[in-house]
Amino acid sequence: MRKTLWGLFVAGALWAQQAAAVNTENYDIPYVTGSFLYEISDGVRDSQNGYGFQLGGGMPLNDHTAVELNYFGLQRKRDIDGLNDYQNALFANYVYDFGMFGFDRNLLPNFKPFVQGGPGYVVDDVRGFKHRHFGLDGGGGALIPLAIGGWDWGWAVRTEAGLVGQYDRGFSVPGHATLWDWHLTVGLQIPLTPFFKPHQAAAPAEPECKLAVVNPVTGRKDCMQDSDGDGVPDSLDQCPNTPPGTKVDDKGCPIGTVDSDGDGVPDSIDQCPDTPAGVKVDEKGCAIEQTVVLQNVNFETNSAVLTGQATKVLDGVAAALKGQPNMHVEIGGHTDNVGAPKYNLVLSQQRAESVRQYLIGRGVEPQRMTTQGYGETQPMVSNNTEEGRALNRRVEFKIVLQ
């Protein structure tokens, strides 16, 4: 039994992470403990296992260590006559804990494992004779915070398992110079909040923004995305991709200028007019390499026939392609997962080709366009909802500059 307990203690000591205070979080102040004690006595003793109590107090030294003074008293029933032997001891221990462990489960509490050890003074009262000896103890345990709902005073359940040795010189048990007893305790640890102020954790610093909005007038910085750096967050910017240095209004659109295609580049410097909505452009207003989902390009149910709304969108795409001759596109057709995969693959190819033929009819050179049907293999979102399936039924333009 002793070897098994010692093995469990060593394994617990090796399982460690970053340390924290030797008490509950935010209560790294002096504390007291009170526990019930059960002793597994050294097998050479002429008595049964003992039981008693343990009282103590501790003072944190830094973020993960403390010193403690612990007193215990216990009694054992003698085998020879059924009367009791007694033992009292005082130990000074160094304590080191391994930080808070958590399970993210409602029924499994968080806890702090710790190890401790130190010297002590032991008084054995065996058969009415008292003997005083040098002692040494070592062990480990766990601290389990008692925070229930909004109640948190820093109290904790404290459990320990340790080995207590004494240099007895054969007084208590003739022929045995040292005695080793296992102590198991369970009790409470209570911070001395009436006398010491609990530590208050510092408020976490505001995270540095990876990409922030800086108001061009006031200089105020907010953690919102502003892709074109015009001082208007993307969620409110109606003219994205505004060239650097362009003065904009509260909607992110250039002030005192006309931007017919809404790409953020004024018509006066836009070298590629008629850019379709949603297409990213450079400072000259020309499309850059990207993949764009064509909004509102829809088809008749279960067919590759374009709807009237789709043809209006494609008219604008045709104008943009004719206005930027170095732009080539791969037209990709996509479906949701309703229907057989092979059928969806064929249907997506037919829809991509239908878009290509329409653009050819509007004057775009055939060699600048290729088609590829992907069927249901590349969903943008989950197909588990009607909204998701609608998003997955789409046509994409992969723009390549040559």
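The values are calculated or read from the model by the stated rules, or taken from the named source; none is laboratory data. These numbers come from a predicted model, not from an experiment. Note that we place each Cβ from the backbone using ideal geometry, even for glycine, and neighbour counts take in every protein chain shown.
Which numbered condition in (1) modelled with pLDDT under 95; (2) closer than 16 Å to H183 by Cβ; (3) surrounded by 15 or more Cβ atoms within 10 Å (Cβ to Cβ) is the only one that A19 fails?
If we test A19 against (1) modelled with pLDDT under 95; (2) closer than 16 Å to H183 by Cβ; (3) surrounded by 15 or more Cβ atoms within 10 Å (Cβ to Cβ), just (2) comes out false.
Return the only residue of A318, A287 being surrounded by 12 or more Cβ atoms within 10 Å (Cβ to Cβ), free of Cβ contacts under 8 Å to residues at least 60 places away in the same chain and not polar (S, T, N, Q).
A318
Looking only at region 46-78, count every residue that is among the small types (G, A, S) and over 23 Å from V173 (Cα atoms) and tell me the total. Before the answer, list the steps.
Within region 46-78, the first condition is being among the small types (G, A, S), and the residues that meet it are 47, 50, 52, 56-58, 66, 73.
In the following step, the residues that additionally are over 23 Å from V173 (Cα atoms) were identified as 56-58, 66.
Going through region 46-78 one residue at a time, the tally reaches 4.
Can you tell me which of F134, F129 is of a type in the set (F, W, Y), closer than 22 Å to L69 by Cβ, surrounded by fewer than 18 Cβ atoms within 10 Å (Cβ to Cβ) and at pLDDT 85 or above?
Working: F129 fails: closer than 22 Å to L69 by Cβ.
F134 is the lone residue from the list that is of a type in the set (F, W, Y), closer than 22 Å to L69 by Cβ, surrounded by fewer than 18 Cβ atoms within 10 Å (Cβ to Cβ) and at pLDDT 85 or above.
Based on what the data block shows, is Q378 closer than 26 Å to V281 by Cα, part of a loop (DSSP other than H, G, I, E, B) and in contact (Cβ under 8 Å) with a residue 40 or more places away in the chain? So that I can check it myself, show each step before the final result.
Values: closer than 26 Å to V281 by Cα: yes; part of a loop (DSSP other than H, G, I, E, B): yes; in contact (Cβ under 8 Å) with a residue 40 or more places away in the chain: yes.
Yes, satisfied.
So, in region 277-299, how many residues would count as being modelled with pLDDT of 80 or more and in a loop (DSSP other than H, G, I, E, B)? Show your work before the answer.
Pass one, region 277-299, residues modelled with pLDDT of 80 or more: 279-299.
Next, only the ones that are in a loop (DSSP other than H, G, I, E, B) stay: 279-280, 282-286, 288-289, 294-298.
Of the residues in that region, 14 qualify.
From the list G154, G141, G117, G73, pick out the single residue that is surrounded by fewer than 21 Cβ atoms within 10 Å (Cβ to Cβ) and closer than 18 Å to G34 by Cβ. Explain how you work it out, then say what you get.
Details: G154 fails: surrounded by fewer than 21 Cβ atoms within 10 Å (Cβ to Cβ); G141 fails: surrounded by fewer than 21 Cβ atoms within 10 Å (Cβ to Cβ); G117 fails: closer than 18 Å to G34 by Cβ.
Just one listed residue meets the conditions, G73.
Give the residues of region 174-200 that are among the β-branched types (V, I, T), over 20 Å from Y38 (Cα atoms) and surrounded by 18 or more Cβ atoms within 10 Å (Cβ to Cβ), sorted by residue number.
Passing the criteria: only I190.
Could you list, in sequence order, all residues of region 313-370 that are closer than 23 Å to E300 by Cβ, among the charged types (D, E, K, R) and part of a helix (DSSP H, G or I)?
D315, K342, R351, E353, R356
Just to check your reading of the model, which residue among L306, L359 is more than 27 Å from N384 (Cα to Cα), in the same structural domain as N384 (by TED's automatic domain parsing) and in contact (Cβ under 8 Å) with a residue 40 or more places away in the chain? Spell out how you get there, then give the answer.
Details: L306 fails: more than 27 Å from N384 (Cα to Cα).
The unique qualifying residue is L359.
When you scan region 380-402, do you find a residue that is crowded, with 20+ Cβ neighbours inside 10 Å and of a type in the set (D, E), even just one?
yes
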